[in-house]
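The values are calculated or read from the model by the stated rules, or taken from the named source; none is laboratory data. The model shown is predicted, which means the values in this text are computed figures rather than measured ones. No Cβ is skipped: glycine too gets one built from the backbone with ideal geometry, and neighbour counts run over all protein chains shown. The accessibility values were calculated without ligands, DNA or RNA, using every heavy atom of the protein model including side chains. Shrake-Rupley method; radii C 1.70, N 1.55, O 1.52, S 1.80 Å.
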Amino acid sequence: MVYLLCRSRSQLRWILNGSAHRVRFAWGGHARPRRMHFRHLGRSGLMVSEISYGNWLTHGSQVEEAAAVACVRAALDEGITTFDTADVYAGTRAEEVLGRALQGQRREGLEIFTKVYWPTGPGPNDRGLSRKHILESIHGSLRRLKTEYVDLYQAHRYDTETPLEETMQAFSDVVRQGKAHYIGVSEWTADQLREGVKLSRQMGFQLVSSQPQYSMLWRVIEAEVVPASQELGVGQVVYSPIAQGVLTGKYRPGQKPPEGSRATDEKGGASFIKRFLNDDVLTRVQQLTPVAQEAGLSLAQLAVAWVLQNPNVSSAIIGASRPEQVKENVKAAGVKLSEEAMRHIDTLLGPIVERNPKKTLENSPRKRP
């Protein structure tokens, strides 16, 4: 292992040019290996790591803080620079844990994402996308994350009770105040995206991303959201690429879920994973093993690599309760699956794949929660 301290990026490129060695270097923070790949976030100039680290169901709830920090450190060691969270995760505790875990890192070398919409307090204005809630929430998120700005601030759902013009004006002000560089959304329909992007352009800021659920088993964005996003210059930052763990193959047909797995966590992940826990799905997932082996991947790596084959995907969010999971899943970065492998996956999973685009609309409450 060789360690280098470089004075400039050009010097680093000169040193690495033609070298086959795996090099780690100090860049004002954690060491960065070469294997991570980067993509533009939509049509913006912002580069994000192909694999990003998210703390939806782990930090502040499923795992102790020491384990959460160890996972963040593992992500940094593996070259992940993009970190996704939300004010609602673990009742705001997830932002606090992530903020502490990233202390001491070179801020300019990170892309930190968070979100606003779901309730973070008991009052009627502690939720939604009103101007009041957005402007108050960004202050709370920045305080918890221990940063002066976030790189991406996202509408965690579409708010049917707030005029979209009000929401977009509030986001515009957040950007102008330097508290966020870019704006994104999560689980918006194609029509909602079109209206949001139109207003953002009129107000002089960039709505650059969409964060939907996307995996081999859940493809509801492919029919409408992805084509609209390609047209608008919006990139996908997808969550649950491993279908809450189902695509790891650890859940087997006819058997109880492993102890300590997400399916046994009644406080967190069990409600999200149950839709996939039937014998037909689990049997077909096991049949993916030869495809993964042929590609030199684990089932989890195959699942992450699969979502990255979609050119509209800017980054795939992985979560972890152990550092080893991070180290394994990042091996999906830069993987190019063969056309034969992609066809084989479609053949094996075809009958059980959810493709209904209306499922995106169902993800946003008709009224604020």
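Is it the case that the stretch 117-135 has a residue that's open to solvent by 10 Å² or more (accessible area, probe 1.4 Å), within 30 Å of Gly79 (Cβ to Cβ) and at pLDDT 95 or above?
No, that holds for no residue.
Sort out which residues of the stretch 277-306 are within 17 Å of Ile80 (Cα to Cα) and in contact (Cβ under 8 Å) with a residue 40 or more places away in the chain, and write them in order of number.
Correct list: Val304 only.
Between Asp151, Asp159, which is at negative phi, surrounded by 20 or more Cβ atoms within 10 Å (Cβ to Cβ), modelled with pLDDT of 95 or more and in a loop (DSSP other than H, G, I, E, B)?
Result: Asp159 is the single residue among Asp151, Asp159 that is at negative phi, surrounded by 20 or more Cβ atoms within 10 Å (Cβ to Cβ), modelled with pLDDT of 95 or more and in a loop (DSSP other than H, G, I, E, B).
Given the criterion closer than 30 Å to Val281 by Cα, touching a strand residue (DSSP E or B) at 6+ places or on another chain (Cβ under 9 Å) and touching a residue at least 24 places away in the same chain (Cβ under 8 Å), identify the matching residue among Val208, Val174, Val237.
So the residue among Val208, Val174, Val237 that is closer than 30 Å to Val281 by Cα, touching a strand residue (DSSP E or B) at 6+ places or on another chain (Cβ under 9 Å) and touching a residue at least 24 places away in the same chain (Cβ under 8 Å) is Val237.
For the stretch 297-312, name all the residues that are of a type outside the set (S, T, N, Q) and under 17 Å from Leu282 (Cα atoms).
Leu299, Ala300, Leu302, Ala303
Would you check which residues across the stretch 27-65 are modelled with pLDDT of 90 or more and open to solvent by 20 Å² or more (accessible area, probe 1.4 Å) and list them?
Across the stretch 27-65, the qualifying residues are His37, Phe38, Arg39, His40, Gly42, Arg43, Gly45, Leu46, Met47.
Within the stretch 169-183, can you find the residues that are touching a Ser or Thr at 6+ places or on another chain (Cβ under 8 Å) and either more than 21 Å from Gly45 (Cα to Cα) or surrounded by fewer than 20 Cβ atoms within 10 Å (Cβ to Cβ) (or both)?
Ala170, Ser172
Please work out which one of (1) among the β-branched types (Val, Ile, Thr); (2) within 20 Å of Ala75 (Cα to Cα); (3) touching a helix residue (DSSP H, G or I) at 6+ places or on another chain (Cβ under 6 Å) is the condition Val330 fails and give its number.
(3)
I need the full set of residues from the stretch 274-294 which are open to solvent by 50 Å² or more (accessible area, probe 1.4 Å), assigned to a helix (DSSP H, G or I) and of a type outside the set (Ser, Thr, Tyr), in order please.
If the condition is that a residue be open to solvent by 50 Å² or more (accessible area, probe 1.4 Å), assigned to a helix (DSSP H, G or I) and of a type outside the set (Ser, Thr, Tyr), then Lys274, Arg275, Asp279, Asp280, Arg284, Pro290, Gln293, Glu294 are the ones that fit.
In the stretch 87-116, which residue that is at positive phi and of a type outside the set (Ser, Thr, Tyr) is most open to solvent (accessible area, probe 1.4 Å)?
By that ranking, first place goes to Gly104.
Could you check Gly319 against (1) small (Gly, Ala, Ser); (2) out of contact with any Asp or Glu (no Cβ under 9 Å at 6 or more places or on another chain); (3) more than 27 Å from Ser186 (Cβ to Cβ) and say which number it fails?
So Gly319 meets the others, but not (3).
Thr167 versus (1) among the hydroxyl-bearing types (Ser, Thr, Tyr); (2) closer than 25 Å to Arg100 by Cβ; (3) in contact with a strand residue (DSSP E or B) (Cβ under 9 Å, 6 or more places away or on another chain): which is the lone unmet condition?
Exception for Thr167: condition (2).
Residue pairs, Cβ under 7 Å, 6 or more apart or interchain, first in the stretch 307-323 and closer than 17 Å to Thr82 by Cβ and in contact (Cβ under 8 Å) with a residue 60 or more places away in the chain, second open to solvent by 30 Å² or more (accessible area, probe 1.4 Å) and in a loop (DSSP other than H, G, I, E, B). List them.
Going by the 7 Å Cβ cut-off, the qualifying pairs are Gly319/Trp56.
Restricted to the stretch 349-369, and to residues that are part of a helix (DSSP H, G or I), touching a helix residue (DSSP H, G or I) at 6+ places or on another chain (Cβ under 9 Å) and open to solvent by 40 Å² or more (accessible area, probe 1.4 Å), which residue is nearest to Tyr158 (Cα to Cα)?
Checking each candidate, the answer is Leu361.
Applying the selection to the stretch 295-324, what residues are open to solvent by 10 Å² or more (accessible area, probe 1.4 Å), outside any helix (DSSP H, G or I) and within 17 Å of Gln244 (Cα to Cα)?
If the condition is that a residue be open to solvent by 10 Å² or more (accessible area, probe 1.4 Å), outside any helix (DSSP H, G or I) and within 17 Å of Gln244 (Cα to Cα), then Ser298, Ile317, Gly319, Ser321, Arg322 are the ones that fit.
Working only within the stretch 192-225, note down all residues that are part of a helix (DSSP H, G or I) and open to solvent by 10 Å² or more (accessible area, probe 1.4 Å).
Gln192, Arg194, Glu195, Lys198, Leu199, Arg201, Gln202, Met203
Mind checking whether some residue in the stretch 325-348 is in contact with a strand residue (DSSP E or B) (Cβ under 8 Å, 6 or more places away or on another chain), open to solvent by 40 Å² or more (accessible area, probe 1.4 Å) and in a helix (DSSP H, G or I)?
yes
Mind listing whichever residues of the stretch 226-253 are closer than 22 Å to Gln154 by Cβ, among the polar types (S, T, N, Q) and assigned to a helix (DSSP H, G or I)?
Passing the criteria: Ser229, Gln230, Gln244.
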